[in-house]
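The values are calculated or read from the model by the stated rules, or taken from the named source; none is laboratory data. For clarity, every value in this text was computed on a predicted model and none was experimentally measured. Virtual Cβ from ideal backbone geometry, glycine too; neighbours counted across all protein chains shown.
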Amino acid sequence: MHVQAATTATFSHEGTVFASTTENGLDYELYQLKKNIFGRWPKTIPAMPSAVAKLVTTGKTPLINLSQSTLDNYMAMRFDGFISIPSDGAYMFALYSDDGSKMWIDGNLIINNDGIHSLKGKSSGWLNLTQGLHTIKVEYFEINGSQDLKVYWKSSNFAAQEVPTAVLYPK
Ligand SMILES: [Ca+2]
């Protein structure tokens, strides 16, 4: 398992506990990947849906991870909804994945961790966000071998932690 040292040092503590309800979580879509017309697997997150990404199922997930996936390999997922920012301030996000992943807040790409690779962490810069709901989207794909996806955040008010169910809302 390879994780960038700087990112590991920055995102290594448990933080504030947020209380969740059954309404919390994000929408997800699960796709099965196909080879392209040249017989090759995608090297980056493909368009979803597309000729190389067939929709398998949709649902709601409490966390942005692979817990809802019924496929281990040759798959992709999209997570979509809102994140509730607890107070005005600066927030930083980190995306760990095997293989590739990308993350958007308010429609802006904040982390690009795309490509075929072993577990790798990338963090955003500090983002100034206002209290309230902001759109959040994460896309992920896995060709073969091991697979993982985790999303962390931190602010000046709490230490790094996995983005909790309590602040996620489906559309
Ligand atoms: Ca892999």
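Scan the range 73-125 for residues that are over 25 Å from residue 23 (Cα atoms), away from the ligand (no atom under 16 Å from the Cβ) and part of a loop (DSSP other than H, G, I, E, B) and report the count.
Final tally of qualifying residues: 2.
Considering only residues that are assigned to a strand (DSSP E or B) and within 11 Å of the chain's Cα centre (by Cα), which ones fall in the range 159-171?
Hit for the range 159-171 is 162, nothing else.
Let's see how each residue does on (1) crowded, with 18+ Cβ neighbours inside 10 Å; (2) touching a residue at least 40 places away in the same chain (Cβ under 8 Å):
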| position | (1), (2) |
| --- | --- |
| 81 | yes, yes |
| 109 | no, no |
| 126 | no, no |
| 138 | yes, yes |
| 148 | no, yes |
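Please go through the range 37-66 and pick out each residue that is within 19 Å of residue 115 (Cβ to Cβ) and either among the small types (Gly, Ala, Ser) or modelled with pLDDT under 95 (or both).
Those that are within 19 Å of residue 115 (Cβ to Cβ) and either among the small types (Gly, Ala, Ser) or modelled with pLDDT under 95 (or both): 47, 50, 53.
Can residue 66 be described as within 16 Å of the ligand (Cβ to nearest atom) and crowded, with 17+ Cβ neighbours inside 10 Å?
So residue 66 fits the description; yes.
Can you name the number of the only condition in (1) over 17 Å from residue 97 (Cα atoms); (2) of a type outside the set (D, E, K, R); (3) without any contact (Cβ under 8 Å) to a residue 60 or more places away in the chain that residue 19 fails?
For residue 19, the failing item is (3).
Testing residue 156 on (1) at pLDDT below 95; (2) under 16 Å from the mean Cα position of the chain (by Cα); (3) polar (S, T, N, Q), one condition comes back false. Which one is that?
(2)
Listed here are the residues, each with its yes/no results for (1) within 16 Å of the ligand (Cβ to nearest atom); (2) over 24 Å from residue 48 (Cα atoms); (3) in contact with a helix residue (DSSP H, G or I) (Cβ under 7 Å, 6 or more places away or on another chain); (4) assigned to a strand (DSSP E or B).
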residue	(1), (2), (3), (4)
139	yes, no, no, yes
144	yes, no, no, no
150	yes, no, no, yes
153	no, yes, no, yes
157	no, yes, no, no
